[in-house]
Amino acid sequence: GWERTPSFDHAGSLLAYSESAADGQAQLRLRSRDGRIDRHYTDGEAGTEDLCPRFSPDDRDLLWTRHRDGRCELLRAPVLGGPATAMGACATGLSCPDWQGDWVVYSAPP
């Protein structure tokens, strides 16, 4: 499949991207340049597209959009592992968030 919407952490040692499968699903993948880290962020539910990963300013968290059933959610999870937390609804078109300092910008639903 495709590897889409890549993002480096601020140190340049980690890469997060969306990995698309032939069935149309997309899951987030986190990899290190040295190959020691290879992690997936997905809930495994059919029809899910996880896109646009962005690292927090301190590189401790990952933020992304989850598209499913005509809806979009903004999610956040610790880079080192742990459950994802829903942050809010986002616009259903492809619009990626950005994170700087205490501020996150993204396209919200009308």
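The values are calculated or read from the model by the stated rules, or taken from the named source; none is laboratory data. Please read these numbers as outputs of a predicted model, since none were measured by experiment. Backbone-built Cβ (ideal geometry, glycine too); neighbour counts: all protein chains shown. For accessibility, only protein heavy atoms count, side chains too; no ligands or nucleic acids. Shrake-Rupley method; radii C 1.70, N 1.55, O 1.52, S 1.80 Å.
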**Complete:** trypsin sites (Lys or Arg not before Pro) in the range 1-100 lying in a DSSP loop, each with at most 16 other Cβ atoms within 10 Å of its Cβ, come to R33, R36, R60
**Request:** Could you tell me which GluC sites (Glu not before Pro) in the range 2-69 are loop residues by DSSP with no more than 14 other beta carbons within 10 angstrom of their beta carbon?
**Result:** E45
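Once a ≥ b ≥ c are taken as the square roots of the eigenvalues of the Cα gyration tensor of the chain, is the result rounded (a/c under 1.5), prolate (a/b larger than b/c) or oblate (a/b not larger than b/c)? Numbers along the way, then the final one.
Values: a/c = 1.75, a/b = 1.14, b/c = 1.54.
Oblate, because a/c is 1.5 or more while a/b does not exceed b/c.
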**Fill in**
Answer in debye to the nearest 20: the dipole magnitude of the chain about its Cα centre, from +1 Lys/Arg and -1 Asp/Glu charges placed on Cβ, is 80
**Request:** Please work out how much accessible surface V105 shows to a 1.4 Å probe, ignoring ligands, DNA and RNA, in Å² rounded to 10.
**Result:** 90
